[in-house]
Each structure stands twice: as structure tokens, then as C-alpha cells.
Amino acid sequence: MLNWAAQVNKWDVVQWLVEHGKANVEATDKYGRTVLHWAARGNLDVVQWLVKHGKANVEATDNDGQTVLYWAAQGNLDVVQWLVKHAKANVEAKNKNGQTVLHWAAYKNKLDVVQWFVEHGKANVEATDKYGWTVLHWAAWSNLDVVQWLVEQGKANVDAIDNYNRTVLHWAAQKNKLDVVQWLVKHGKAHVEATDNNGQTVLYWAAQGNLDVVQWLVEHAKANVEAKNKLGQTVLHMAAYENKLDFVQWFVEHGKANVEATDKYGWTVLHWAAWSNLDVVQWLVEHGKAIVEATDNDGRTVLHWAAQMNKWDVVQWLVEHGVDVNVIDNYGQSVLHCAAQKNKWDVVQWLVEHGKANVDAIDNYNRTVLHWAAQKNKLDVVQWLVKHGADVNATDNDGKNGSKIVGLTEVQKRKRLEIATRLLRRNRRSPFFEFIVTYDEKWISFMNDERYGEWRSPGQKPGRSKKCANLLLNSLILRTENGTAVGTTNSKNNGKKCRIWRRIL
């Protein structure tokens with residue numbers, strides 16, 4: 001009742017409940033907030049009364065570790081001043097994320113509160129939270145006024161870095177705070193080419209946000225467009241991957257960015273664009289004069305990657321504009337191989353039907369696309385490839401070909417269906433039946449359980465069911481005569497078929 005009255009600003013009810021109803025001042029709501037937390041948002045009289053007469057705890061924390069002073073910092077300066085001066089509230093108290101009230105006031109753009117904390121509360125301007133962010137980092141997300149005051153009057157360090165080596169300028173650039181970026185560079189002398197742990201400059205972070213910030217950094221702050229991160233990627237790589245066509249166009253036309261710059265993997269800007277969107281690919285080829293046949297360190301072209309990433313529209317556009325569909329990489333793999341390895345069977349079919357891809361192309365291990373389809377148990381794809389001319393008898397370096405795999409798959413499918421049909425005709429359904437149909441070994445545990453003795457022959461031990469099941473499957477797969485399964489035998493039973501086999505047939 002007390003917390004509810006506080007939340008709806010019924011302070012006369014709060015006072016009556018404390019004085020006459022003996023309500024517990026320290027009672028918390030589901031967020032861990034006391035009535036003093038709620039009052040601190042702006043009601044000085046109630047705060048004073050609760051502390052003086054209700055003996056409310058000023059340092060009580062909510063579920064986020066925030067004291068009453070945190071809540072006061074979001075609202076009225078008078079409450080903040082009284083809590084610090086008279087209630088001795090701790091200015092340096094930190095919440096669960098390691099943030100002080102000064103962090104919070106800066107983020108909330110409470111300039112008057114920030115000024116008072118620094119000048120009178122002696123708050124530490126360089127205090128860092130769990131992410132290594134200073135008060136200035138937080139201010140950069142908010143408003144220029146707070147940033148200016150902290151640097152000019154609070155002597156905040158402009159080049160302070162967080163746990164990831166990101167400066168205040170990195171964050172201001174990412175958050176599209178153009179006025180903050182301009183002021184930090186012009187007046188704060190912030191370092192434009194500062195890099196974070198990944199080697200990314202301020203321009204990288206700006207490229208994630210607004211083009212205005214990017215343009216100003218390049219034109220006025222002379223930010224290096226060709227700067228590379230630890231993976232060797234430029235901002236143009238990033239813009240292409242992020243599908244920021246306007247950024248790509250500006251970097252190439254005005255920033256004079258190198259379209260053929262490669263990263264540590266040998267990927268060009270066009271390689272990265274192929275992972276993203278056709279619009280960027282088209283513009284880079286038609287206007288940026290990007291080389292379509294450029295290869296990475298593994299000899300893979302843009303078409304290899306587009307096929308592997310299932311970028312249908314990019315694949316079609318590249319092929320229709322004359323890109324060689326049968327080009328191979330350093331491992332002898334064609335575009336068709338790359339699509340097959342990643343189960344992109346729609347791309348495989350399109351490349352064969354429309355791109356005229358060689359269906360029997362072999363890699364350095366003499367594997368064709370048919371080998372990959374068979375290995376991945378794609379029976380429908382295998383059948384489709386065979387219909388379109390794939391050589392079933394082509395063998396790889398291990399002597400394996402597709403015909404054995406196809407035949408084996410057909411035998412398994414046919415024989416399991418035959419056994420299932422016989423069992424259904426007898427109106428019997430058992431764990432053994434499920435095992436044969438699904439080939440899921442979880443049913444073996446049921447067959448071995450004493451509770452399922454009715455599915456074993458009289459006197460048969462539990463462990464025999466698994467043995468017979470495996471023998472039966474071997475019979476289905478390996479022993480066929482004119483498409484009819486032969487009963488399994490072993491030496492221990494003098495050539496007789498196992499009892500479960502006899503029982504089913």
C-alpha cells in the first residue's frame with residue numbers, strides 16, 4: 001500500500017500510513033524500490049520528512065543497485081543537494097554496472113546536476129563503469145552542453161578510453177552526434193585516427209551511423225579513408241557489407257576510396273558486397289569499375305561466395321552479365337561445388353539449368369557435385385543431377401562413386417518399407433518396428449527394457465533384441481537377392497535365422 005501511494009504521488013496517504021498505520025518505510029516493490037526512491041524523483045518535502053521522521057535509509061538500493069541519489073539525479077536539483085548536504089548521501093556510490101550518479105546525470109543531460117556534483121559534491125569526473133566508460137563517454141551520447149562543460153570546467157580527459165580502447169569520439173561518431181564530433185575535434189583536440197581493440201578508427205564507427213558525420217570527418221578532419229582494421233578491412237568494405245549504398249557511393253566518388261582494396265583474406269569490396277545486397281554489387285561493377293573476376297586468397301571469386309551464401313539475385317545478375325560460372329578456386333572447386341557444400345541446392349539447379357554450369361566438374365580430390373549430394377543424403381538432388389547428365393560412375397581419389405550410394409539408399413528405403421508393411425498387416429506395432437522404420441537408436445533402449453518383454457521371443461534375454469535388430473539391418477542393407485532380403489544367420493545358432501527375424505517374416 002505504501003509503495004503504491006508513493007507511485008501515484010499520494011504523499012498525504014504515505015505520511016498517514018507511516019505515522020498511524022505503522023507502515024514499514026523500508027518495504028520494497030518488485031523492483032526493489034522503497035518509498036524514498038519514489039519521493040526522490042522531485043518531492044523535497046516528502047524526502048525530508050521520510051528521512052527525518054520515518055528514518056528512511058538514504059543508501060537503500062533497488063534491484064539495479066541504484067541508491068536514492070540516482071533517482072534524485074533524474075529529477076530535481078534541490079533534492080540532490082539536500083540528500084548530499086544533510087542526509088550525507090554517497091556521491092560515489094555505484095550501481096550494478098559500476099555507474100555513479102554523475103554518469104547518470106550526464107547521460108540524462110542534467111547539466112545543472114552535473115555541475116553541482118563536480119563543484120560541490122566533489123564527484124570524480126574520471127570514474128569508470130564496468131565497461132570502462134567515463135562520465136564523458138556517457139555525455140557524448142546525450143548533449144553537447146554537458147560535453148563542453150565537462151571538458152572545459154570539469155577537466156575531463158577527451159582521449160579517455162573504455163575497455164575496448166574506444167574514445168569519446170568513437171561513441172559520438174557512432175551515435176550521429178555531429179555537433180559533439182565537431183567540437184571534440186576542433187576544441188577538444190580529439191584524435192581522429194585513434195583505434196579501438198579491433199583497429200577501427202573513428203571513421204569506421206561513423207560509417208555505422210549517419211553520412212553527415214562521415215562527410216565531415218573526411219572533408220574537415222581529414223580522416224583516412226584507406227585506414228585498415230586488424231583484419232585489413234577499410235571503411236568501404238564495411239559500408240558494402242552493411243548494405244549502405246549511399247556511403248559506398250560517397251566513399252568512391254568523393255572520398256576516392258580504393259574499390260580493389262583487399263583484407264587479410266584477400267576479399268575485395270565486391271566480395272563483401274556479395275554477402276549483402278544486389279544494389280551495392282551492381283553499383284560497384286557498373287560505376288565503381290570493380291573487377292568481377294577478382295579472387296581471394298583461396299582463389300574464390302565473388303560468384304563463389306554469392307552461391308555459397310545463397311544470394312540468389314546476386315548469382316543470377318553476375319551470371320547474366322557474363323561471369324564465368326565454371327571458374328575454379330585453389331582447391332579445384334567450381335561455383336557449383338561451393339553451393340553444394342553449403343546445401344544450396346536451389347542455386348545448384350539454377351546454375352546447371354540457366355548458368356550452363358558443368359555438372360561433372362571435379363575438384364582436386366576428383367569429387368563432383370554428385371559426390372557431395374550423395375554424401376549429404378540428398379536423394380532428390382542426386383536423382384535430379386543424374387537426369388541432367390551427371391556421371392554416376394565418376395570416382396573420387398578414394399575410389400568412391402555415386403552409384404553405390406544411390407543403390408544403397410534405394411535398398412534401405414525399399415526394404416524398410418517392406419518390413420513396415422508386413423508388421424502393419426499383422427496389426428502389430430512395437431519399438432522394434434519403430435527402429436526399423438526410423439533407424440533411430442532410441443528404440444533399442446526400449447527393446448532392451450524388461451517392460452517390453454512381449455516383443456522378445458520366450459526366454460530371450462533383453463540384450464539379444466539389439467543384436468538381432470542390428471543383424472536384421474545389416475541383412476536389409478548388405479544382403480539382397482533380386483530385391484528380396486535374405487534372413488540373417490550366425491555361427492552361434494548353427495546357421496539358423498534369429499528368432500525375431502523368423503517371427504516377423
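The values are calculated or read from the model by the stated rules, or taken from the named source; none is laboratory data. Not measured: the values here are computed from a predicted model. No Cβ is skipped: glycine too gets one built from the backbone with ideal geometry, and neighbour counts run over all protein chains shown.
Do we find that Gly75 is touching a Lys or Arg at 6+ places or on another chain (Cβ under 9 Å), of a type outside the set (Lys, Arg) and at positive phi in this structure? No: the conditions fail for Gly75. One residue alone among Val146, Val113, Val79 is hydrophobic (A, V, I, L, M, F, W, C), under 17 Å from Asp179 (Cα atoms) and either out of contact with any Cys (no Cβ under 7 Å at 6 or more places or on another chain) or not in a loop (DSSP other than H, G, I, E, B) (or both), and that residue is Val146.
Residue check: is Trp149 over 23 Å from Val269 (Cα atoms) and aromatic (Phe, Trp, Tyr)? The answer is yes for Trp149.
Taking segment 107-155 as the region of interest, how many residues are within 27 Å of Gln200 (Cβ to Cβ) and out of contact with any Ser or Thr (no Cβ under 7 Å at 6 or more places or on another chain)? Residues that pass the stated criteria total 21. For segment 215-246, filtering for residues that are part of a loop (DSSP other than H, G, I, E, B), of a type in the set (A, V, I, L, M, F, W, C) and within 22 Å of the chain's Cα centre (by Cα) leaves 1. Kindly list, by first and then second residue, each pair from a residue in segment 292-307 that is within 13 Å of Asp324 (Cβ to Cβ) to a residue that is in a helix (DSSP H, G or I) and not hydrophobic (A, V, I, L, M, F, W, C), limited to pairs with Cβ atoms under 6 Å and residues at least 6 apart or on different chains. Correct list of pairs: Val302/His271.
Only helices (runs of 4 or more DSSP H) whose full extent lies in segment 302-355 are considered here, and the ones with at least 1 residues that are over 21 Å from Val280 (Cα atoms) are 335-341, 345-353. Asp212: in a helix (DSSP H, G or I), under 27 Å from the mean Cα position of the chain (by Cα), of a type outside the set (A, V, I, L, M) and exposed (fewer than 15 other Cβ atoms within 10 Å of the Cβ), yes or no? Against the criterion (in a helix (DSSP H, G or I), under 27 Å from the mean Cα position of the chain (by Cα), of a type outside the set (A, V, I, L, M) and exposed (fewer than 15 other Cβ atoms within 10 Å of the Cβ)), Asp212 does not qualify. Looking only at segment 270-281, residues that are of a type in the set (A, V, I, L, M) and under 22 Å from the mean Cα position of the chain (by Cα) come to 2 in all. Screening the candidates Phe251, Phe247 for the property of being touching a helix residue (DSSP H, G or I) at 6+ places or on another chain (Cβ under 9 Å), aromatic (Phe, Trp, Tyr), more than 21 Å from Val292 (Cβ to Cβ) and at pLDDT 95 or above yields one hit, Phe247. Taken over segment 19-58, residues that are closer than 19 Å to Val113 by Cα and assigned to a loop (DSSP other than H, G, I, E, B) amount to 5.
Pairs linking a residue in segment 136-148 that is without any contact (Cβ under 8 Å) to a residue 40 or more places away in the chain to a residue that is in a loop (DSSP other than H, G, I, E, B), with Cβ atoms under 6 Å and 6 or more positions apart or on different chains, are Leu136/Ala156; Trp141/Lys175; Ser142/Asn109; Asn143/Asn109. Screening the candidates Ala56, Ala89, Ala27, Ala93 for the property of being at pLDDT below 95 and within 44 Å of the chain's Cα centre (by Cα) yields one hit, Ala27.
Considering Gly288, Gly209, Gly266, Gly255, the condition of being at positive phi and not acidic (Asp, Glu) is satisfied by Gly266 alone.
Applying the criterion of being touching a His at 6+ places or on another chain (Cβ under 9 Å), over 15 Å from Trp133 (Cβ atoms) and hydrophobic (A, V, I, L, M, F, W, C) to the residues of segment 166-200, the residue that is surrounded by the fewest Cβ atoms within 10 Å (Cβ to Cβ) is Ala194. The residues of segment 190-209 that are of a type in the set (Val, Ile, Thr) and either more than 17 Å from Phe247 (Cβ to Cβ) or in a loop (DSSP other than H, G, I, E, B) (or both), listed by number, are Val192, Thr195, Thr201. Selection over segment 334-369 of residues that are of a type in the set (Ser, Thr, Tyr) and within 19 Å of Val323 (Cβ to Cβ) gives a count of 1.
Filter segment 169-189 down to residues that are over 23 Å from the mean Cα position of the chain (by Cα) and not in a helix (DSSP H, G or I) and give me whichever is nearest to Leu245 (Cα to Cα). Per the stated criteria, the residue is Asn176. Among residues belonging to segment 385-400 that are part of a loop (DSSP other than H, G, I, E, B) and surrounded by 11 or more Cβ atoms within 10 Å (Cβ to Cβ), point out the one that is modelled with the lowest pLDDT. It comes out as Lys400. For residues that are more than 32 Å from the chain's Cα centre (by Cα) and part of a helix (DSSP H, G or I), tally how many sit in segment 360-370. Summing the residues that are more than 32 Å from the chain's Cα centre (by Cα) and part of a helix (DSSP H, G or I) in segment 360-370 gives 1.
Every listed requirement among (1) modelled with pLDDT under 95; (2) of a type outside the set (S, T, N, Q); (3) farther than 20 Å from Asn43 by Cβ is met by Ala106 save one, (1).
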